[in-house]
Amino acid sequence: MRHVIALDVGGTGMKAALVGADTALSGGTDPGPPKLLHEARRPTGRERGPEAVVESILAFAEDLLAYGEEHLGESAVAAGVAVPGIVDAENGIAAYAANLGWRDVPMRRLLSERLHGVPVALGHDVRTGGLAEGRVGAGRGADRFLFVPLGTGIAGAIGIDGRVEPGAHGFAGEIGHIVVRPGGVACPCGQRGCLERLASASAVTLAWAEASGDPDADAADCAKAVESGDPRALAVWRNAVEALADGLVTALTLLDPRMLIIGGGLAEAGETLFVPLRAAVEERVTFQKLPEIVPAALGDTAGCLGAGLLAWDLVAETARAAGSGGPSADPDHDTAPGTDAAPHTAPSLSPSPGSDSAPDSSEVTA
Ligand SMILES: [Zn+2]
């Protein structure tokens with residue numbers, strides 16, 4: 001059965017799947033749920049250092065290739081890999097990841113070599129997740145959306161007509177570093193008062209640990225305390241929601257999205273977050289059109305599903321570039337080049353700086 005390898009590399013764990021051909025994943029008009037033919041997880045093992053992490057990724061991909069050959073009767077036709085940090089999707093380079101410690105890893109070439117020439121697409125984790133939310137998750141059918149995961153940090157993926165906008169230098173969507181409280185708390189990016197210092201799951205955890213006097217209390221505990229009417233929790237929550245609304249209104253003023261998809265740990269609070277957030281955004285808009293504000297639908301599988309989409313997009317591009325009607329995974333056929341610009345700098349951003357991902361990575365031949 002035709003399939004691709006999808007691999008999402010996180011700071012602590014890697015999620016992988018073999019993804020079958022599907023209308024949604026192959027860009028058809030009737031997006032259905034992707035067919036996951038096989039799923040697997042492994043620890044990233046970052047404590048072993050960047051070289052060991054890269055080797056773990058390569059070995060995982062190789063094992064997935066072998067699994068497909070054994071159980072699905074053929075080799076994967078492509079692979080999609082999502083990694084954190086700064087990614088030069090066009091050149092297939094994992095440029096920088098603060099949490100994994102690597103710099104300028106030629107990930108696409110290494111993977112394609114290990115996979116005996118199978119074409120590989122490389123993408124940034126948040127944008128790849130956003131691609132999946134937009135195409136097969138909460139944003140299904142939305143031509144313009146903004147995906148904002150509220151996790152350790154806050155990143156964003158700007159969805160436009162089925163693709164995710166990387167920007168000229170691969171830095172588009174960094175909504176977490178919009179200054180919403182000038183002169184406020186310092187951010188590792190060098191600014192003060194950045195949105196992610198106020199409204200990420202980590203920020204709420206810090207604020208609630210301090211307000212509650214319990215050093216082990218986290219954002220989920222804060223949400224529970226909000227639900228039980230604790231005034232200290234309500235104050236912490238209101239600060240976060242107001243900062244988030246300020247940042248989102250800036251974004252929607254610029255982008256005019258049809259849908260705002262909010263994900264990450266903080267969104268797990270459900271309506272405890274979404275009811276006041278919708279109200280706070282509505283309060284702030286004047287002439288702007290209010291987008292639908294919805295929770296993400298794919299949870300922590302978004303990155304893996306998105307990696308599958310990258311791979312299937314690569315198969316389709318390869319077929320187009322080869323000028324044939326049918327899909328081809330022939331590694332001798334080059335794909336069209338991606339449109340991402342390569343970031344050349346590696347600023348030391350906070351734990352989850354979004355940067356570069358693209359649904360249009362090109363392949364590398366072994
Ligand atoms: Zn910042």
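From (1) crowded, with 24+ Cβ neighbours inside 10 Å; (2) modelled with pLDDT under 95, pick out the condition that doesn't hold for ALA82.
ALA82 satisfies all of (1) crowded, with 24+ Cβ neighbours inside 10 Å; (2) modelled with pLDDT under 95 except (2).
Among the candidates PRO343, PRO359, PRO327, which residue alone is more than 21 Å from MET107 (Cβ to Cβ), modelled with pLDDT under 95 and buried (at least 18 other Cβ atoms within 10 Å of the Cβ)? Steps first, answer last, please.
Details: PRO343 fails: more than 21 Å from MET107 (Cβ to Cβ); PRO359 fails: more than 21 Å from MET107 (Cβ to Cβ).
From the options PRO343, PRO359, PRO327, the qualifying one is PRO327.
Looking at this structure, is LEU198 within 16 Å of the ligand (Cβ to nearest atom), assigned by TED's automatic domain parsing to the domain that holds GLY156 and under 20 Å from VAL275 (Cβ atoms)? Give the derivation first.
Details: within 16 Å of the ligand (Cβ to nearest atom): yes; assigned by TED's automatic domain parsing to the domain that holds GLY156: yes; under 20 Å from VAL275 (Cβ atoms): yes.
When the stated conditions are applied, LEU198 passes them.
Say whether the condition of being more than 22 Å from VAL19 (Cβ to Cβ) and at pLDDT 95 or above is met by at least one residue in the stretch 300-321.
no
Of everything in the stretch 166-193, what is hydrophobic (A, V, I, L, M, F, W, C), touching a residue at least 24 places away in the same chain (Cβ under 8 Å) and within 10 Å of the ligand (Cβ to nearest atom)? Give them in sequence order. Full working, then the answer.
Let us first name the residues in the stretch 166-193 that are hydrophobic (A, V, I, L, M, F, W, C), namely 168, 171-172, 175, 178-180, 185-187, 189.
Now narrow it down to the ones that are touching a residue at least 24 places away in the same chain (Cβ under 8 Å): 168, 171, 175, 178, 180, 187, 189.
Hits for the stretch 166-193 are ILE178, CYS187, CYS189.
Looking at the stretch 294-302, is at least one residue touching a helix residue (DSSP H, G or I) at 6+ places or on another chain (Cβ under 7 Å), buried (at least 21 other Cβ atoms within 10 Å of the Cβ) and either on the phi > 0 side of the Ramachandran plot or part of a helix (DSSP H, G or I) (or both)?
Yes.
Can you find even one residue in the stretch 131-140 that is surrounded by fewer than 24 Cβ atoms within 10 Å (Cβ to Cβ) and more than 30 Å from GLU74 (Cα to Cα)?
For the stretch 131-140, residues surrounded by fewer than 24 Cβ atoms within 10 Å (Cβ to Cβ) and more than 30 Å from GLU74 (Cα to Cα): present.
Mind checking whether some residue in the stretch 126-142 is within 16 Å of the ligand (Cβ to nearest atom) and either outside any loop (DSSP other than H, G, I, E, B) or not assigned by TED's automatic domain parsing to the domain that holds ALA311 (or both)?
Among the residues of the stretch 126-142, at least one is within 16 Å of the ligand (Cβ to nearest atom) and either outside any loop (DSSP other than H, G, I, E, B) or not assigned by TED's automatic domain parsing to the domain that holds ALA311 (or both), which makes the answer yes.
Got a number for residues in the stretch 201-214 being charged (D, E, K, R) and within 15 Å of the ligand (Cβ to nearest atom)?
Number satisfying all stated conditions: 0.
For every residue, the table says whether it meets (1) closer than 28 Å to LYS224 by Cα; (2) in a helix (DSSP H, G or I); (3) of a type in the set (D, E, K, R); (4) without any contact (Cβ under 8 Å) to a residue 60 or more places away in the chain.
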position: ALA243; (1), (2), (3), (4): yes, yes, no, no
position: ASP246; (1), (2), (3), (4): yes, yes, yes, no
position: THR250; (1), (2), (3), (4): no, yes, no, no
position: LEU254; (1), (2), (3), (4): no, yes, no, yes
position: PRO257; (1), (2), (3), (4): no, no, no, no
position: GLU268; (1), (2), (3), (4): yes, yes, yes, yes
position: THR272; (1), (2), (3), (4): yes, yes, no, yes
position: GLU283; (1), (2), (3), (4): yes, yes, yes, yes
position: GLN288; (1), (2), (3), (4): no, no, no, yes
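Keeping to the stretch 152-163, report how many residues are assigned to a loop (DSSP other than H, G, I, E, B) and under 20 Å from THR250 (Cα atoms).
Number of matching residues: 3.
The values are calculated or read from the model by the stated rules, or taken from the named source; none is laboratory data. Fair warning: this is a prediction, and the values are worked out from it, not measured in the lab. Note that we place each Cβ from the backbone using ideal geometry, even for glycine, and neighbour counts take in every protein chain shown.
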